[in-house]
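Following: one structure in structure tokens, then a few remarks.
Please treat every number below as a calculation from the coordinates, not as lab data. Source: prediction; values computed, not measured. Cβ coordinates were reconstructed from backbone atoms using ideal geometry, including for glycine residues, and neighbour counts include every protein chain displayed.
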Amino acid sequence: MREHGVLARLLLLYEHQLGSSSKGWEFSREAVAATANLLRRFVEDYHEKLEEQHVFTRFTQPGEMAELVKTLRQQHDAGRRVTDAILELASGDVPVNDANRAHIQDLIRQFARMYWPHQAREDTVLFPAFKEIVPKEEYEKLGDQFEKREHELFGEKGFEGIVEQVAELERLVGIYDLDQFTPRI
């Protein structure tokens, strides 16, 4: 579930590009591209692949969980297509104009609209069911395998290195300070 924390922070980075009433907000194609690249590497190519290979495969019997897994798979595929489109539009080869910025922002809205409920459903339905059907020893062994893969893909720092990259992007766009999100009523 800690990986979903990274996804949530990446979604917040994306959503920041939708506009803000904060003083000095500016759309940043570079921040969008950096967010999309991190999302591709960590969420889509690592986290989702592990889910698809090790979690989704446990729910093949017809029923509610199989339908949920089918939808989650479709959403992974849709998310990859949206990330492809965002990366293409955020590349240096595409001009930053009102139409392209609006298209990127629409893609971000679609992505976030899908992934907030997606991760919530995984956290509250799929993962608890998975933990119930997998023996404790196997569950722990999978955790070790996942961590090994994490370090293969992301180096010595693994997850912590990814969190550092996310924090750097948050600093870049001005959303790192958690206190700024506290309501002042």
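Okay, here's what the table says:
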item: Hey, TYR115 part of a helix (DSSP H, G or I), touching a helix residue (DSSP H, G or I) at 6+ places or on another chain (Cβ under 7 Å) and surrounded by 10 or more Cβ atoms within 10 Å (Cβ to Cβ) or not; result: yes
item: Cross-chain or 6+ apart pairs with Cβ under 6 Å, the range 160-178 first and in contact (Cβ under 8 Å) with a residue 40 or more places away in the chain and among the hydroxyl-bearing types (Ser, Thr, Tyr), then surrounded by 15 or more Cβ atoms within 10 Å (Cβ to Cβ) and outside any helix (DSSP H, G or I); result: none
item: Residue check for MET65: free of Cβ contacts under 8 Å to residues at least 40 places away in the same chain, out of contact with any Ser or Thr (no Cβ under 6 Å at 6 or more places or on another chain) and part of a helix (DSSP H, G or I); result: no
item: Hits in the range 151-177 - residues which are surrounded by fewer than 16 Cβ atoms within 10 Å (Cβ to Cβ), of a type outside the set (Lys, Arg), within 19 Å of the chain's Cα centre (by Cα) and assigned to a helix (DSSP H, G or I); result: HIS151, LEU153, GLU160, GLY161, GLU164, ALA167, GLU168, LEU172
item: Test: residue in the range 99-107 that is surrounded by 11 or more Cβ atoms within 10 Å (Cβ to Cβ) and closer than 20 Å to THR71 by Cα; result: yes
item: Only one of LEU72, LEU50 that is surrounded by 16 or more Cβ atoms within 10 Å (Cβ to Cβ), more than 13 Å from the chain's Cα centre (by Cα), in a helix (DSSP H, G or I) and without any contact (Cβ under 8 Å) to a residue 60 or more places away in the chain; result: LEU72
item: So PHE130, is it assigned to a helix (DSSP H, G or I), in contact with a Lys or Arg (Cβ under 7 Å, 6 or more places away or on another chain), of a type outside the set (Lys, Arg) and under 25 Å from GLN74 (Cα atoms); result: yes
item: Checklist (1) of a type in the set (A, V, I, L, M, F, W, C); (2) part of a helix (DSSP H, G or I); (3) over 30 Å from GLU152 (Cβ atoms) applied to ALA85, failing item; result: (3)
item: Residue match in the range 34-45 (condition: within 24 Å of PHE159 (Cβ to Cβ) and among the acidic types (Asp, Glu)); result: yes
